[in-house]
Amino acid sequence: MDIDNVDILIIGAGLSGINAGYRIQKELPHKSFAILEGRSEVGGTWSFWKYSGIRSDSTMRVFGLPWYPWPSNVVMADGPVIRQYLEDAASSQGLDKKIHLNHRVTACDWRSADNRWTLSINLLSPTDGTIISQKKIKAHWIINAAGYYSYEKPLPVSIPGIEQFTGRVIHPQFWDSDGKEVDFSNKRVVIIGSGATAITLLPAIAKTAAKVTLLQRSPSYVFSLDGQDHNLDFWARFLPDSWAKTFHWWQCLIMESFFRVLLSNLMLGKRIVQAEMRKQLPKGFDLETHFNPSYPPFEQRLCFCPDGDFFKALSQPNTEIVTGTIDTVTSSGIDLNPGAKSSSTGHKEVNSIPCGVIITATGLYVDIISSLQISVSTLPSDPTYSPERFNLTPENLSNLQTWNGTMIESVPNQGKIVGYTAGTWTPGANARTSQIINVIKHMDLVGAERVFPVVEKEEEGKMEKKPVMPNSSSYLVDARSRLPIAAGKGPWRNAQSYSNSVFVRLWLSAIRSSVRYISWHFSCILEEARRESRDVESTLPVRLRSYAEQPKQCGGSNKFDVSALSNTFGTMR
């Protein structure tokens with residue numbers, strides 16, 4: 001397939017990218033598209049992470065793709081199984097023919113003169129990832145489905161004295177990248193962190209290690225789920241297979257949504273989760289020290305474990321949780337500040353932890369634009385932009401609003417897919433994809449060649465500047481200075497639950513409010529008016545009809561809705 005010039009280019013062949021490809025293929029069959037993946041296989045997150053015990057941290061019935069139901073009763077699947085599932089899903093719809101592996105996008109440059117993005121691509125060796133060659137690809141639309149964190153670097157965390165440790169230091173993001181075998185047999189291991197990765201690592205490593213300590217600065221909530229879900233088998237007795245799968249998907253999604261609303265209250269949510277945890281923790285365990293967060297469940301991501309494997313591991317004599325802060329790392333372990341408590345010492349204070357391996361599960365480095373160099377060049381006569389060229393960087397990104405969770409203020413024909421960061425990812429990714437497709441459909445309806453969100457003049461200065469990802473997790477708080485913002489009202493919101501996303505999609509003006517649709521004809525009208533020093537607004541209807549009735553040298557289709565385009569211009573006044 002020739003991908004030198006396509007209508008829509010999708011970056012990333014993970015779950016979000018594959019789902020976007022399916023939706024475009026189904027709902028925009030007249031559009032050409034391609035999916036570029038920088039790695040040598042599909043799967044995204046599930047191809048990249050290799051640490052012990054890597055698995056989903058939400059139920060697979062909802063995490064799986066709605067159009068390719070999860071094929072087993074396993075609730076929280078292992079990473080390699082999920083990666084294979086995504087490959088099978090892509091192949092089932094012929095999307096594997098649209099995916100181009102080892103194509104890493106490094107930059108994209110928009111030019112309003114031809115209403116196209118030009119993307120710079122590095123073609124990589126499938127064996128060692130070195131650059132073989134480079135090429136350019138043009139696209140009318142870009143959908144960035146490459147996730148929200150960097151594969152190249154983790155969240156930088158200062159751990160005093162880590163450089164003098166003589167044992168092995170491993171970050172889950174680069175598990176075996178040094179080429180050394182990861183073997184914990186008869187070793188003393190410390191896992192620094194308390195998020196989903198740490199909760200997954202502890203039971204996996206405890207199977208062979210002499211001692212595993214989970215060292216946390218602040219506690220998290222952990223909730224146990226049944227390892228198997230047989231409800232689909234029940235519904236399949238009474239309904240056709242496709243009906244049963246659809247019904248069960250909605251059942252799981254509604255249950256998750258209800259569960260989230262129920263637990264969002266600090267007092268009630270904490271009471272429910274802690275009551276369940278207390279049932280599974282060893283008798284006499286100090287829950288108030290080690291599992292007593294100061295925030296309600298789902299303000300940060302709620303950690304899940306299948307069949308209580310995390311709690312079962314804590315009942316083993318070779319595991320413990322230490323809640324406290326690090327004074328310094330020594331050559332043979334970690335010295336702690338006063339007040340640190342261990343679950344294995346009768347909850348008395350502990351001063352140090354001897355170890356031979358330190359795993360730093362300290363968080364992700366958020367990179368919402370996937371390290372791309374993004375630039376926008378506009379026409380001198382275009383009043384919708386100032387200045388005529390700007391670069392999108394982490395520094396100016398934090399001053400731009402997010403439109404309906406998908407597009408960034410002033411950036412044309414580009415959408416970003418990020419799922420729910422405190423809930424199951426896929427419903428959010430699916431909702432964002434639907435929003436982008438609706439925008440493209442509306443562009444076709446009004447004959448527009450470019451579209452971009454814009455804060456109206458009367459709203460400037462009145463818009464709130466809230467975090468686009470409001471979760472209080474440390475790695476997301478750290479990233480706020482390099483993330484776009486969200487006003488939290490109208491189209492300037494980033495829904496964090498499926499019910500909110502549905503409201504945005506059903507909202508009548510969701511694809512028209514605070515967004516401008518510009519056609520080739522409109523660009524020509526602006527340029528013509530500038531040359532003639534004429535007032536554009538007063539002559540707009542006549543000019544539009546003229547362009548609709550006869551071809552012009554500016555190019556583009558003459559088929560467009562004059563009244564719709566006139567209304568679009570009205571939003572610019």
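Here are a few things to note about the model shown:
- Mean accessible surface per residue for region 244-318, computed with a 1.4 Å probe while every protein chain stays in place, in Å²: 52 Å²
- Summarising the amide proton neighbourhood of residue 149: residues at separation of 5 or more, or on other chains, whose placed amide H is nearer than 5 Å comprise 367.
- When the square roots of the Cα gyration tensor eigenvalues are ordered a ≥ b ≥ c, the ratio a/c for region 1-62 is 1.5 or more and a/b does not exceed b/c, which makes its shape oblate.
- Extension gain for residue 177-residue 113 works out to 18.6 nm (0.36 nm per residue, less the C-alpha to C-alpha distance).
- Sum of side-chain charges, residue 12 neighbourhood, beta-carbon under 10 Å (Lys, Arg +1; Asp, Glu -1): 0
- Degrees separating the helix 425-446 axis from the principal Cα axis of the chain, which is the longest one: 0 degrees
- Paired Rg and Dmax values of the chain, which use every Cα atom, in angstrom: 26.1, 86
- A Cβ-based charge dipole, computed about the Cα centre of region 256-340 with Lys and Arg at +1 and Asp and Glu at -1, lands at about 360 debye.
- FRET efficiency for residue 133 and residue 254, using Cβ-Cβ distance with R0 set to 56 Å, rounded to 0.05: 0.65
- Estimated from helical segments only, the mean residue ellipticity of the chain at 222 nm is -9000 deg cm²/dmol, where each DSSP H run of four or more residues counts as -39500 (n - 2.57).
- Three-way shape label, region 203-320, alpha-carbon gyration tensor, a/c 1.5: oblate
- For the chain, the longest principal axis of the C-alpha atoms and the axis of helix 241-263 are separated by about 70°.
- In region 216-262, the portion of solvent-accessible area held by carbon and sulfur atoms comes to 65 percent [1.4 Å probe, whole percent, DNA, RNA and ligands not counted].
- To the nearest ten degrees, helix 15-27 and the longest principal axis of the Cα atoms of the chain are 30 degrees apart.
- Residues with amide H under 5 Å from that of residue 359, placed H, sequence gap 5 or more: 170, 190, 191, 192
- Under 5 Å between amide hydrogens, built in the peptide plane, is the criterion, and for residue 401 it picks out 409, 485 among residues at least 5 positions away or on other chains.
- Protein-only accessible surface order, largest first, of 176, 286 at 1.4 Å: 176, 286
- Accessible surface, per residue, of region 138-179 when the full set of protein chains is kept, probe 1.4 Å, Å²: 46 Å²
- Where only alpha carbons of region 114-256 are counted, the Rg and the Dmax (Å): 23.1, 64
- Evaluating 6.51 cos²θ - 1.76 cosθ + 1.60 at θ = phi - 60° for every residue in region 474-487, the Karplus couplings come out as 4, 5, 7, 4, 4, 8, 4, 6, 10, 10, x, 10, 9, 6 Hz, glycine and proline recorded as x.
- Share, in percent, of DSSP beta bridges within the chain that are antiparallel, nearest 5: 50 percent
- Mean Cβ count within 10 Å, highest first, over the residues of peptides 82-88, 55-61, 253-259: 55-61, 82-88, 253-259
- Electrostatic dipole magnitude of the chain [Cβ: Lys, Arg +1; Asp, Glu -1; Cα centre; debye, to 20]: 600 debye
The values are calculated or read from the model by the stated rules, or taken from the named source; none is laboratory data. Computed from a predicted structure; not experimentally measured. Backbone-built Cβ (ideal geometry, glycine too); neighbour counts: all protein chains shown. Protein only, heavy atoms only, side chains kept; ligands, DNA and RNA dropped before computing areas. Shrake-Rupley method; radii C 1.70, N 1.55, O 1.52, S 1.80 Å.
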